[in-house]
Amino acid sequence: MLQPFRRQQVAGLRVPRAHIHSDAIGNFVSSCRSCFLFRSLFHTQIVHWKRDEEAESCQLLSFRPSDLKQLNALTANDTTRGALALHHLRKGQALVYSGGDYHNARQLLQAVKKKNAGKSGCEKKLKKKKCFTQAVETSAQWMQQKQLQREQTDILQKILIQVSIDNSRPSEIMGLKRTPGHVNDIFSYAFKNDSEKMDAKFGDLTSFLLSLSDFLGMVGGYEWHRKGVYIDALQDYIYPHFGVFPPTRQDYIKLLNNINCDRTQQTSMLEVGVGSGVLSIILLQQKKVDRVIGTDVNPYAIACATDNVRRFGFHENVHLEQADLFPPGNDGDPDRNKFDIVLFNPPWIPGDAATWLDRSVYDPEQNLLRRFLLQAQHHVNEAGYIYLLLSNLGVLLGLIREENVHAMFREGNLELVTVHKTKPKAEVANKGRAEKMEKGKRHHPDRIANA
């Protein structure tokens with residue numbers, strides 16, 4: 001059985017002066033694709049339903065794209081049973097929860113989730129992430145689990161709540177009692193980077209619909225943003241924005257210790273996929289680099305990294321811009337977009353990505369790493385290095401063949417210099433506990449016999 005742990009590794013690459021002459025790492029996909037820059041986190045569609053025999057309609061704000069321009073819905077309240085709700089949701093109808101209690105709405109969501117998981121024959125596998133990852137033995141099982149999760153997400157996304165608008169800003173949840181007391185702060189956090197879009201989309205509206213699942217995601221994200229994520233390497237906090245992957249797992253950060261720089265001169269670095277900015281901030285604080293250009297296709301990541309860089313006082317050392325992988329153009333200067341270090345922590349699992357958070361984990365069409373490696377040699381100085389922070393989860397799941405990854409390095413004219421590995425804390429802790437138990441058995445054979 002595959003272990004449910006992700007082992008991280010960092011690969012140091014350089015562009016050889018002659019032709020390629022050693023093994024390298026490549027990719028698991030075919031042709032390149034173009035990637036467009038998206039300016040907005042959310043999508044909208046019209047929902048129609050009846051309340052007290054009167055027809056109503058409202059815009060649904062969703063963080064997942066949909067092919068449907070319109071959606072029909074029914075009303076739900078505290079008396080709606082989970083089985084009946086699931087019946088309508090499976091038929092493609094949405095449920096607008098109104099005239100009840102917020103906590104009862106959450107209970108209905110959980111009831112639908114449980115009943116749907118049971119009907120799909122995957123209740124135990126979807127109950128906890130731990131069970132889910134341990135149950136995966138083959139890539140086929142992984143894809144089946146992903147499909148089941150996608151179907152369940154599509155169903156749960158159709159349980160809706162109505163949100164009032166005040167001065168073109170989300171204000172309160174309508175028609176529900178006992179809503180969170182800080183709901184205004186939650187909406188301010190979730191839409192802080194969307195003020196212009198909100199003015200354009202909701203300027204004349206008094207309310208909109210929102211998935212209850214999305215709202216609960218906002219609540220969880222708001223807590224991470226309010227409290228911050230403590231980073232051991234910084235001895236301080238990073239504050240993630242909504243729509244940006246929070247650096248809660250930090251096993252890979254220790255691999256930055258293997259990045260060595262020539263400190264006799266100024267060192268420049270390009271970080272592709274800057275995210276929250278945590279990696280660049282660490283390297284700047286450790287004085288391994290002096291100047292950083294950070295890019296990300298996610299506009300919310302650029303805003304997030306900007307805030308965090310400013311908090312640590314590195315705003316004069318860092319320039320951030322929204323771009324697909326590499327910064328655009330060189331304005332006639334061939335060395336303008338070349339750096340001593342190019343750092344990339346790419347998505348590690350092949351698969352479709354519906355949201356910005358998904359794009360942090362899944363590589364649509366499985367070719368982002370390939371595009372990066374084909375272009376990277378044009379953005380690193382002659383004596384510079386390219387560092388990849390890679391997870392081997394895709395290899396463990398059978399979704400990626402390691403020899404294909406090696407082939408991609410050769411295709412990108414890159415020479416693999418060295419590989420450093422680390423293990424997640426959970427894996428190390430489990431190994432330590434197992435060794436301790438085995439040691440206890442050796443020292444107490446009578447206790448084993450009595451057992």
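The values are calculated or read from the model by the stated rules, or taken from the named source; none is laboratory data. Just so it is clear, the model here is predicted, and its values are computed rather than measured. Note that we place each Cβ from the backbone using ideal geometry, even for glycine, and neighbour counts take in every protein chain shown. In case anyone asks, the SASA skips ligands and DNA or RNA and just uses the protein heavy atoms, side chains included. Shrake-Rupley method; radii C 1.70, N 1.55, O 1.52, S 1.80 Å.
Side notes on the structure shown:
- Glu411 satisfies every condition listed in (1) touching a helix residue (DSSP H, G or I) at 6+ places or on another chain (Cβ under 8 Å); (2) buried (at least 16 other Cβ atoms within 10 Å of the Cβ); (3) at pLDDT 85 or above except (2).
- Taking (1) of a type outside the set (Phe, Trp, Tyr); (2) surrounded by fewer than 20 Cβ atoms within 10 Å (Cβ to Cβ); (3) outside any helix (DSSP H, G or I) in turn, Ile173 satisfies each apart from (2).
- Glu271 charged (D, E, K, R) and at pLDDT 95 or above: yes
- One residue from Glu321, Glu316 being assigned to a loop (DSSP other than H, G, I, E, B), surrounded by fewer than 16 Cβ atoms within 10 Å (Cβ to Cβ) and among the acidic types (Asp, Glu): Glu316
- A Cβ distance below 9 Å, combined with a sequence gap of six or more or placement on separate chains, defines the contacts here; from the stretch 95-119, residues that are more than 13 Å from Arg178 (Cα to Cα) and touching a residue at least 60 places away in the same chain (Cβ under 8 Å) reach residues that are of a type in the set (D, E, K, R) and crowded, with 19+ Cβ neighbours inside 10 Å in the pairs Leu95/Lys158.
- Residue identified as closer than 19 Å to Asp262 by Cα, open to solvent by less than 20 Å² (accessible area, probe 1.4 Å) and aliphatic (A, V, I, L, M) among Leu284, Leu369, Leu389, Leu373: Leu284
- Single residue of the stretch 192-228 satisfying the filter (open to solvent by less than 10 Å² (accessible area, probe 1.4 Å) and modelled with pLDDT under 90) that is nearest to Glu56 (Cα to Cα): Phe202
- Considering residues of the stretch 252-281 that are assigned to a helix (DSSP H, G or I) and within 16 Å of the chain's Cα centre (by Cα) only, the residue surrounded by the most Cβ atoms within 10 Å (Cβ to Cβ): Leu279
- Listed here are the helices (runs of 4 or more DSSP H) enclosed by the stretch 51-130 that have at least 2 residues being of a type outside the set (Val, Ile, Thr), modelled with pLDDT of 85 or more and open to solvent by 30 Å² or more (accessible area, probe 1.4 Å): 82-90, 102-119.
- One residue stands out among those in the stretch 349-359 that are outside any helix (DSSP H, G or I) and open to solvent by 40 Å² or more (accessible area, probe 1.4 Å): the one that is modelled with the highest pLDDT, which is Asp352.
- Matching residues in the stretch 223-251 - criterion: being under 20 Å from Ile302 (Cβ atoms) and either of a type in the set (Val, Ile, Thr) or assigned to a helix (DSSP H, G or I) (or both): Trp224, His225, Val229, Ile231, Ile238, Val244
- Contacts under 6 angstrom Cβ, first residue in the stretch 237-250 being under 19 Å from Gly313 (Cα atoms), partner modelled with pLDDT of 90 or more and polar (S, T, N, Q), 6 or more apart: Ile238/Ser276; Ile238/Asn308; Pro240/Ser276
- Residue within the stretch 322-329 that is over 30 Å from Arg150 (Cβ atoms) and at pLDDT 90 or above present: yes
- Test: Ile302 is part of a helix (DSSP H, G or I) and open to solvent by less than 10 Å² (accessible area, probe 1.4 Å): no
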